[in-house]
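Chemist: The structure under discussion is supplied below as structure tokens; questions concerning it will follow.
The values are calculated or read from the model by the stated rules, or taken from the named source; none is laboratory data. For clarity, every value in this text was computed on a predicted model and none was experimentally measured. Neighbour counts are summed over all protein chains in view; Cβ atoms, including those assigned to glycine, are modelled from backbone coordinates with ideal geometry.
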Amino acid sequence: MSGEASARQVPVAASRRSPLVTRLDRSAGAVFILPAVLVILAFSIFPLLASLYVSMTRLSFSEGGIRLTYVGLGNYAKLLVGIDRTHFLGVTVPLTPLTAAVLVVIYAGFAFLLVRYLRSPVRTVSGFVGRLVTAIIAGALVWLVVDTVMTSGRPGTIVVTLIYVGVDVSAQYILALGLALLVVQRLPGRRFFRVVFLLPMMITPVGVAYLFRMLTDTSKGPLYPLWAHFGLTDVSWVTNPWGARLAVMIGDVWQWTPFIFIVLLASIESLPIELNEAAVVDGANRWQMFWAITFPQILPATSTVVLIRLIEAFKIVDLPNVLTNGGPGTATESLTLHAYTIWRALDIGGSAAVAYMLLIVVTFVGISYVNLFRRRVTAMA
Amino acid sequence: MVVSYALLVAWALVVLFPLYWLATTSLKTPLDVNSGPFYIPFRDFKPTLESWRYIFVDLADDTFRPYLNTVVVGLTSTAITLLLGSMAAYGLVRMKYRVRIGAIASFVVALAGAVAVVAAGGPWQLALLGGFAFFLLLLQTVARRFKRALGNDDIAFWMISQRMLPPVAVVIPIYVFFQQLALLDTWAALIIAYVASHLPIVVWLMRDYFQSVPLELEESAAIDGASRYRIFRSIVLPLAVPGLVATFLFVLVFAWNEYLIALFLTSANAQTLPLTVAAQNATRGPQWWYMSVLILIMIGPVIAMAIALERFIARGLLVGAVKG
């Protein structure tokens, strides 16, 4: 306290500081960021390189222990064109009129966005190339999803993961935003709701998975009367691919909505209230106030928390593993669970290859998201 | 108002019902659990503390030791992560960094050299030192010639990209890493692993909260002669308390509940509670009653902390700061 007071009395304080303090202050940039960078670097490089190497090998047992045989890109080829293709990419069938129409509409949308970018005044060559590459990869993924989900084909683990991520993150965001807006109102008892809404996030993911297995049990679970009413107690919902996927997604939404909820809540709570007061004076209704004032101001927090959730959602593993064991067949198997199951079968190389494919997909989604959405949001703020 | 309450209560029920089911299951006998759904204690079934007795009396040390480990590892790693992460986040928000492409290239070349030495059978300690010296040499000579540089956003994206690889791909390398350091089955191993893996999340979340601290306050403090460190400690951190609290809760929850890394890095001594929960899935199927007790005692302290910290996430901390 006294230090603060005396500092205020010194007109040109910098000249009075000791040389050491001045020097430290000049290198403040490095002091602030280096510890974190060094910790992340030291801890991440070795595992990243080691698992890249492992993904190009095959584990075998020989006299005197185990050995890793170098197989080049063999493990990747197995996933994309070899025997694991149906597991990883799924079973594709020739296009039907319906799927062709859906694809044409989506691709037309991509083309429209590209043309619009080419006509905009801010276009650059690298910006266009980046968008073109994004559109091509996204187009390939969309084709894979449409052709395995909307047809008689069967989605592979990559498609299932994309479905989980898309549905889970959007549902979580909408629910969390609604809940955050409800509890910032000056309602009696809002503190109770705030704490209650955080609870699901606090349970260990393995525990949540077992909890949902208990809840969804058709003969011993609490929903038994419901199942009995529809005569479903004998047929387990686990035998229905979409029923099983739905159960996994409900569990994930239940657990991770609190994560987005608390970030948005803290963000809304720290907004200055003068703008809202002015808007009330001007006679704006609550809907207008939300869209014109609150929403733009929480966009940076939104873009951050959605990116983090996207990355984490791609790694979903406990729920499908415990709830359905990936079944029926591989209908609920996520990429991480795919890597995990073949890892347990001691195909370490193949497992690392699946993990690297996941890394490639997440990196693509992450970079596209940052360049196309987040950069615009932060530039606005 | 009525609509608001209806919605709040509806979601509260969605959240609380599974927890209610956990609580009642922990009071049931295996027979009660297996013979169909019973909803209300005393009316539908006779509650018993048998499972609680088993966890606390029969297992005793096998419950308390993981509990202590979870508390120590969770709190320590969260505190360190929050400190390092908010410093880096503040740096990324208020200072300009330029990482030259040449420096990154030098690093990659030096790294490749070190990897080659290890692959040829050299000791890793020597390779690490040699690689570092080589890196410094390149940095001082070749790297200066390249002008292009990466900025703050690129650094931030590099950090978050470290969370993209699923844990199952990296557990074996991480195991080898800590084996070489002779840290397997210790608190230190888990703390280091959790700090490194949760840092990116802290950096990203805290960046947004620091961004919303009014620049005018920092500028006037700088004119008054406060150093960067002092501004950070006395002005920025206190004003970002809501964000710090939210981030603290997350990272604590992540560290508290982490399963796969703990499974590989610990055995008897440093085992944490998520492993104890998963261990209740015995050969005859999951033992729901024990599992329920464990999950309940696991979330107890975290709930207490959430209740204690909730009031810090309160509106109006920043209001008036600029005017005053």
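Every residue, every condition in (1) of a type in the set (Gly, Ala, Ser); (2) at the interface with another protein chain (Cβ under 8 Å from one of its Cβ atoms), yes or no:
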| site | (1), (2) |
| --- | --- |
| B:Arg100 | no, no |
| B:Ala120 | yes, no |
| B:Gln125 | no, no |
| B:Ala149 | yes, no |
| B:Ala169 | yes, yes |
| B:Pro173 | no, yes |
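Chemist: Continuing with the same structure: In the range B:132-174, which residue that is among the polar types (S, T, N, Q) and at pLDDT below 80 is nearest to the chain's Cα centre (by Cα)? Before you say what the answer is, go through the steps one by one.
Modeler: Applying the first criterion (among the polar types (S, T, N, Q)) to the range B:132-174 yields B:140-141, B:152, B:161-162.
Now drop any that are not at pLDDT below 80, which leaves B:140-141.
Values: B:Gln140: 37, B:Thr141: 39 Å.
Ranking the candidates gives B:Gln140 first.
Chemist: Quick check: is even one residue across the range A:213-226 in contact with a strand residue (DSSP E or B) (Cβ under 8 Å, 6 or more places away or on another chain) and either part of a loop (DSSP other than H, G, I, E, B) or in contact (Cβ under 8 Å) with a residue 24 or more places away in the chain (or both)?
Modeler: yes
Chemist: I'd like to check which helices (runs of 4 or more DSSP H) are fully inside the range A:246-362 and have at least 2 residues that are modelled with pLDDT of 85 or more. Quick ask: steps written out before the conclusion?
Modeler: Details: elements: A:274-281, A:286-289, A:295-313, A:318-323, A:335-344.
Of the helices (runs of 4 or more DSSP H) lying wholly inside the range A:246-362, those with at least 2 residues that are modelled with pLDDT of 85 or more span A:295-313, A:318-323, A:335-344.
Chemist: Against the definition (hydroxyl-bearing (Ser, Thr, Tyr), surrounded by fewer than 16 Cβ atoms within 10 Å (Cβ to Cβ) and over 20 Å from A:Gly178 (Cβ atoms)), how does A:Thr324 come out, yes or no?
Modeler: Working: hydroxyl-bearing (Ser, Thr, Tyr): yes; surrounded by fewer than 16 Cβ atoms within 10 Å (Cβ to Cβ): no; over 20 Å from A:Gly178 (Cβ atoms): yes.
Considered against the rule, which asks whether it is hydroxyl-bearing (Ser, Thr, Tyr), surrounded by fewer than 16 Cβ atoms within 10 Å (Cβ to Cβ) and over 20 Å from A:Gly178 (Cβ atoms), A:Thr324 comes out as no.
Chemist: While we're looking at this one, here's another question. Could you list, in sequence order, the residues of the range A:161-189 that are at the interface with chain B (Cβ under 8 Å from one of its Cβ atoms) and in a helix (DSSP H, G or I)?
Modeler: The answer is A:Leu175, A:Gly178, A:Leu179, A:Leu182, A:Val183.
Chemist: If you don't mind, another one. Just to be sure, is A:Val160 out of contact with any helix residue (DSSP H, G or I) (no Cβ under 6 Å at 6 or more places or on another chain), under 25 Å from A:Leu358 (Cα atoms) and assigned by TED's automatic domain parsing to the domain that holds A:Phe261? Steps first, please.
Modeler: Values: out of contact with any helix residue (DSSP H, G or I) (no Cβ under 6 Å at 6 or more places or on another chain): yes; under 25 Å from A:Leu358 (Cα atoms): yes; assigned by TED's automatic domain parsing to the domain that holds A:Phe261: yes.
Yes, satisfied.
Chemist: Could you check how many residues of the range B:1-38 are of a type outside the set (Ser, Thr, Tyr), at the interface with chain A (Cβ under 10 Å from one of its Cβ atoms) and within 19 Å of B:Val277 (Cα to Cα)?
Modeler: Qualifying residue count, the range B:1-38: 5.
Chemist: A further question follows. Select from the range A:40-67 the residues that are in contact (Cβ under 8 Å) with a residue 40 or more places away in the chain and within 11 Å of chain B (Cβ to nearest Cβ) and write down the one among them that is farthest from the chain's Cα centre (by Cα). Spell out the reasoning first.
Modeler: Keep residues of the range A:40-67 that are in contact (Cβ under 8 Å) with a residue 40 or more places away in the chain, which gives A:51-52, A:54-59.
Keeping just the survivors that are within 11 Å of chain B (Cβ to nearest Cβ) gives A:51-52, A:54-55, A:59.
Values: A:Ser51: 22, A:Leu52: 22, A:Val54: 26, A:Ser55: 24, A:Leu59: 31 Å.
My answer is A:Leu59.
Chemist: Pull out all pairs, ordered by first then second residue, where Cβ-Cβ is under 6 Å, the residues are six or more apart or on different chains, the first lies in the range A:19-39 and is within 7 Å of another protein chain (Cβ to nearest Cβ), and the second is surrounded by 15 or more Cβ atoms within 10 Å (Cβ to Cβ) and aliphatic (A, V, I, L, M).
Modeler: Taking only residues 6 or more apart or on different chains, the pairs are A:Phe32/B:Met87; A:Ile33/B:Ala88; A:Pro35/B:Leu84; A:Ala36/B:Leu84; A:Ala36/B:Ala88; A:Ala36/B:Leu199; A:Val39/B:Ala196.
Chemist: Residues in the range A:141-148: is at least one modelled with pLDDT of 90 or more, assigned to a helix (DSSP H, G or I) and surrounded by fewer than 14 Cβ atoms within 10 Å (Cβ to Cβ)?
Modeler: Within the range A:141-148, none of the residues are modelled with pLDDT of 90 or more, assigned to a helix (DSSP H, G or I) and surrounded by fewer than 14 Cβ atoms within 10 Å (Cβ to Cβ).
Chemist: In the range B:70-106, how many residues are free of Cβ contacts under 8 Å to residues at least 40 places away in the same chain and surrounded by 19 or more Cβ atoms within 10 Å (Cβ to Cβ)?
Modeler: Total meeting the criteria: 2.
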